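Structure first, then comments.
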Amino acid sequence: MDTKEPVQRLVLLVDDETMPSDLYVRALERVGFKVEQRFDPDEALAFVEKEGQNIKAIILDVMMPPGSYGNKRTEDGLTTGVLLYADLQQRCPYVPIFVTTNTANHATLQQFPQGPLLRIIQKIDYPPRALIKLVQEMIDKEDANDVE
């Protein structure tokens with residue numbers, strides 16, 4: 001008889017705002033994900049250094065305090081997510097990253113390099129249930145690719 005607990009899929013959520021992040025966390029946990037929430041770039045990168053190999057998906061907000069990136073480099077936090085995305089993608093190249101935003105600043109959004117593991121999502125268009133469905137689909141697709 002196998003008494004092992006099922007392995008939970010780990011999602012890193014990086015957002016300085018607790019709302020709607022708390023909604024995403026509760027919804028993801030409700031369907032069986034383990035969610036680690038970090039509130040700034042430095043916390044996120046420290047977590048990735050320890051647990052990067054276990055992360056199945058990253059949900060990343062665009063605008064947040066700059067942390068060690070500095071205000072000037074991030075345009076006072078407007079592009080913190082762009083810089084953090086590059087660092088996360090370098091450390092976790094095979095992990096889907098979902099960039100969430102409320103901004104309509106197309107110049108900022110165009111700074112993200114296009115790729116198969118990047119999804120840019122307007123928060124208003126993706127309530128928690130829709131985001132979870134997208135996360136599950138991407139993780140399942142990546143898991144299937146790992147098996148092949």
| field | Among (1) under 20 Å from Leu12 (Cα atoms); (2) open to solvent by 40 Å² or more (accessible area, probe 1.4 Å); (3) part of a loop (DSSP other than H, G, I, E, B), the one test that Gln114 misses | value | (1)
| query | Given the conditions (1) open to solvent by 70 Å² or more (accessible area, probe 1.4 Å); (2) more than 23 Å from Tyr126 (Cα to Cα), and given that Phe39 satisfies all but one, which numbered condition is not satisfied? | reply | (2)
| message | Suppose we keep only residues that are aromatic (Phe, Trp, Tyr) and surrounded by 15 or more Cβ atoms within 10 Å (Cβ to Cβ) within region 84-111. Which one would you say is farthest from Glu29 (Cα to Cα)? | response | Tyr85
| message | Quick check on region 82-98. Is at least one of its residues under 22 Å from Thr18 (Cβ atoms) and of a type in the set (Gly, Ala, Ser)? | response | no
| request: Mind listing whichever residues of region 58-108 are under 14 Å from Asp40 (Cβ atoms) and assigned to a loop (DSSP other than H, G, I, E, B)? | output: Val62, Met63, Met64, Pro65, Pro66, Gly70, Asn71, Thr74, Gly77
| message | I'm trying to understand the selection: among the residues of region 117-148, which are part of a loop (DSSP other than H, G, I, E, B) and either surrounded by fewer than 13 Cβ atoms within 10 Å (Cβ to Cβ) or among the acidic types (Asp, Glu) (or both)? | response | Glu148
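The values are calculated or read from the model by the stated rules, or taken from the named source; none is laboratory data. Keep in mind the model is a prediction, meaning the values are calculated, not measured. Every residue, glycine among them, receives a Cβ derived from its backbone with ideal geometry; neighbour counts consider all protein chains shown. These accessible areas exclude ligands, DNA and RNA; they are computed on the full protein's heavy atoms, side chains included. Shrake-Rupley method; radii C 1.70, N 1.55, O 1.52, S 1.80 Å.
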